[in-house]
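The values are calculated or read from the model by the stated rules, or taken from the named source; none is laboratory data. Being a predicted model, the structure only gives us computed values, none of them experimental. Counting neighbours? That spans all protein chains shown, and the Cβs are built from the backbone with ideal geometry, glycine included.
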Amino acid sequence: MVLKRLLEYVGYEPGRFKARWISGSEGQKWADTTKEMTEAIKALGPNKRFKKD
Amino acid sequence: MNKVTENLRQTAAKLLKDQEVEMVIGYGLGSEAVRTQPVFITSPDDVDKLVWNPFCVNGLTKYLSDLKTLSGKIAVCVKGCDSRGVFRITQDNIIPRDKVVVLGIPCAGQMSYTKLASKMDVTGQLKEVDDKGETLVIKTSNGDFTVKKSEVILDKCLKCESHNPVVADHMVGDKVSVTDTPDDYDEIKKYEAMSPEEKAKFWLSQFDRCIRCYACRNSCPGCTCRECIFDAIKPDWVGKEMNLDENELFHLTRAFHLAGRCVDCGECDRVCPMDIPIRLLNKKLLKDCKELFGMETPGSAEEGGSVLGQYRLEDPEEFM
């Protein structure tokens, strides 16, 4: 929660970083979260920061 | 000589003479009129080196960590802001509380060297400071100068949440009656309101200037790891190169290591030779931790710890 706020504070787009608590028995939640996040990040485009030359 | 300096010297002399402490850490006259430097006194004959004036900007609590191997007790002078550093260091088990004798100095605000340097000749040696309420008369070997306090006070002192030290074994000086003005985080809100692009532009231009001197870490009472990740010979995931990406990682990591622990003394900002507003990062984390976990500024009380190292049932759970 704190790290997410820090990253957004220094200019990372909201949604690029996410933390979710998903138990091993929650397969559907895992799949839904992954799908949701992949779509959100594809829409944002590649991250231009933290790139090694 | 002012009353506080006199008191301070007497207290220090007594502590050293009675062998209650092995060392007194305080402020001494600096290389220029409006500078002070830390002094480390071990003999009662040297207590005349101690001074108290409106230029005692340094925080001295970090030295407790550097000198933790000393066998005897250490007395350290603290103002309101850096008094929280004492509890940071004792809570982190760097040095036991009973090995520290805190000499608390109530402080109405310290004067900024940079602001003073633009108003007067600072190159002489300080003779005396006359506090006239609204103004200061600074008598130096290069002449006398009168400055308005409100024009030269440190920015951080305008938003001070404890003018009087939160802890003191010996209070040298009378409590000041200046009203405490806890930070309203207006400045942080201003940066929060910017668009992601503006934020990225601002912060990357700040991180780009970092020369990785680690002065911020070295002066910080919260940065006391026995082996700092940035000192590791072969760090796993953070590089030692000085480039924008590694610098950004350094600043974000350091800020996050202090999340919920930073005592908000403002030393990181003061010591940065590149004028990177490091405190804006720490303040953001302070604001968030206060909002999320309802904590007070770390180091305000003897007991406590890091909110991120504790679990309470009522903690928010955005990640569920």
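The table that follows gives values for the structure above.
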| item | result |
| --- | --- |
| Sole residue being assigned to a helix (DSSP H, G or I), over 29 Å from B:P182 (Cα atoms) and aliphatic (A, V, I, L, M), chosen from B:L285, B:L281, B:L249 | B:L249 |
| Single condition B:K283 does not satisfy, out of (1) of a type outside the set (A, V, I, L, M); (2) buried (at least 16 other Cβ atoms within 10 Å of the Cβ); (3) away from chain A (no Cβ under 13 Å) | (3) |
| Residues of region B:133-148 satisfying the condition of being in a loop (DSSP other than H, G, I, E, B) and either under 30 Å from B:I74 (Cβ atoms) or among the charged types (D, E, K, R) (or both) | B:E134 |
| Test: residue in region B:114-133 that is in contact with a Lys or Arg (Cβ under 6 Å, 6 or more places away or on another chain) and surrounded by fewer than 17 Cβ atoms within 10 Å (Cβ to Cβ) | yes |
| Number of the condition not met by B:C268 [criteria: (1) farther than 16 Å from B:N58 by Cα; (2) in a helix (DSSP H, G or I)] | (1) |
| Members of region B:239-257 found to be hydrophobic (A, V, I, L, M, F, W, C) and away from chain A (no Cβ under 11 Å), listed by number | B:M242, B:F250 |
| Residue check, B:S43 free of Cβ contacts under 8 Å to residues at least 12 places away in the same chain and of a type in the set (S, T, N, Q) | no |
| Residue that is farthest from B:F256 (Cα to Cα) [pool: residues in region A:1-33 that are more than 8 Å from chain B (Cβ to nearest Cβ) and of a type in the set (F, W, Y)] | A:W30 |
| Test: B:M194 is surrounded by fewer than 22 Cβ atoms within 10 Å (Cβ to Cβ), more than 16 Å from the chain's Cα centre (by Cα) and touching a residue at least 60 places away in the same chain (Cβ under 8 Å) | no |
| Residues of region B:179-202 satisfying the condition of being in a loop (DSSP other than H, G, I, E, B), under 30 Å from B:G133 (Cα atoms) and in contact with a helix residue (DSSP H, G or I) (Cβ under 9 Å, 6 or more places away or on another chain) | B:D180, B:T181, B:D183, B:Y185 |
| The listed residue being touching an Asp or Glu at 6+ places or on another chain (Cβ under 6 Å), small (G, A, S) and closer than 27 Å to B:S112 by Cβ, out of B:S219, B:S300 | B:S219 |
| Meets criteria (in contact with an Asp or Glu (Cβ under 7 Å, 6 or more places away or on another chain) and either more than 12 Å from chain A (Cβ to nearest Cβ) or loosely packed, with under 12 Cβ neighbours inside 10 Å (or both)) for B:C272 | no |
| Any hit, region B:149-169, residues being part of a helix (DSSP H, G or I), assigned by TED's automatic domain parsing to the domain that holds B:E267 and among the charged types (D, E, K, R) | no |
| B:D130 being free of Cβ contacts under 8 Å to residues at least 12 places away in the same chain and within 17 Å of the chain's Cα centre (by Cα) | no |
| Residue among A:R49, A:R20 that alone is within 11 Å of the chain's Cα centre (by Cα), modelled with pLDDT under 95 and either of a type outside the set (A, V, I, L, M) or outside any helix (DSSP H, G or I) (or both) | A:R20 |
| Residue list for region B:1-33, restricted to those being among the acidic types (D, E) and either in a helix (DSSP H, G or I) or not assigned by TED's automatic domain parsing to the domain that holds B:L103 (or both) | B:E6 |
